[in-house]
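The values are calculated or read from the model by the stated rules, or taken from the named source; none is laboratory data. This is a predicted model, so every value here is computed, not measured. Note that each Cβ is placed from the backbone with ideal geometry, even for glycine, and that neighbours are counted across all protein chains shown. Accessible surface areas use protein heavy atoms only, side chains included; no ligands, DNA or RNA. Shrake-Rupley method; radii C 1.70, N 1.55, O 1.52, S 1.80 Å.
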Amino acid sequence: MNSSGRLTFSAAAAGLLLLSAAGGARADGPAMPLGDTAAIPPGFLALCETQPEECAGPGASPRSLAEVRAWAGRMRWSQIFAASGLSTPVTASRALAVPGAALPSPYPASIKVDRSRDSLRAEKDASRKAVTRKRTPGTKVVPTLPPPRAPVVPPVAVAPAPPVVAAIPPRASNPTLETLEAVNRRINRTIRRSSDQETFGQPDVWVAPVGARPRGDCEDYVLAKRRALIEAGTRPEALSIALVTTRRGEAHAVLLVATADGEYVLDNLSPWVVRWDQAPYEWQERQLPGSALTWVRADVRSRG
């Protein structure tokens, strides 16, 4: 092919790409099917507990921040109790139905109950007073114990409801595709990729990186992009954090932005902003649109 032919082909290909991009921007994207509620990531709960303004949104009142912080703490302990088997009422009822079945401890596994000498002495004294001795001529002393008490069922940990401040009706946002791509590329260039173990010495820390040389992993990119878009005028209820699985089977996090054309993905693994149904990921969990403190499962099949 001569040079003029190559130029003609290149111009035609460029025109097709521009038309395809423009058509994709105008077409409304399908809504992501959502499933049941999901467990909230521990890193997100820690973020809400230490930096509630990141979860409550800009301009939140001190009372709203306090409610979000308290909710995050209660939810974190609720999940800890759930992991230890104390949050399922069926478990306790089955234990009571089986004679001699051991009930779960009401304390977390990391808490050691210190039974001091005074408390042990008090228990012995109480047991000694409860014994009624009946003396009969020519017979031995027969101790009579009080009837056994019913076993104490440990309290059931109930997941606290999110504060009312988070219940915001979902609405489409106003940023253009050019704005999303600019923010995505700028944050990707600014933050240096680094694992939480390397940066903080902990396996999972969610924080928006700051400083002259910020470092972070996928969740930190998401938080930084979320903050940048809010500062640029994007409504917080249009932004959702989503957890996905890559083609390599690795856990990953991206930012979803609701627009009039559908939800778009901002990703630290790609400079391109694509619609959610065009991203090569298996969608796992995400924030409920319009309710940042509620997480749901994504009822979506993986894309090859």
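Points worth noting:
- Members of the stretch 179-212 that are of a type in the set (Phe, Trp, Tyr) and touching an Asp or Glu at 6+ places or on another chain (Cβ under 6 Å): TRP206
- The stretch 60-72 residues that are free of Cβ contacts under 8 Å to residues at least 60 places away in the same chain and closer than 15 Å to PRO42 by Cα, paired with ones that are in a helix (DSSP H, G or I) and not charged (D, E, K, R) (beta carbon under 6 Å, 6 or more apart): ALA72/LEU45; ALA72/CYS48
- Here GLY43 clears all of (1) surrounded by 15 or more Cβ atoms within 10 Å (Cβ to Cβ); (2) assigned to a loop (DSSP other than H, G, I, E, B) except the condition numbered (2).
- Qualifying residues in the stretch 190-234 (those that are of a type in the set (Phe, Trp, Tyr) and modelled with pLDDT under 95) - the one nearest to LEU177 (Cα to Cα): TRP206
- Residues that are assigned to a loop (DSSP other than H, G, I, E, B), of a type in the set (S, T, N, Q) and over 18 Å from TRP206 (Cβ atoms), drawn from the stretch 253-304: SER270, SER302
- For the stretch 227-252, the tally of residues that are open to solvent by 10 Å² or more (accessible area, probe 1.4 Å), outside any strand (DSSP E or B), at negative phi and not hydroxyl-bearing (Ser, Thr, Tyr) stands at 11.
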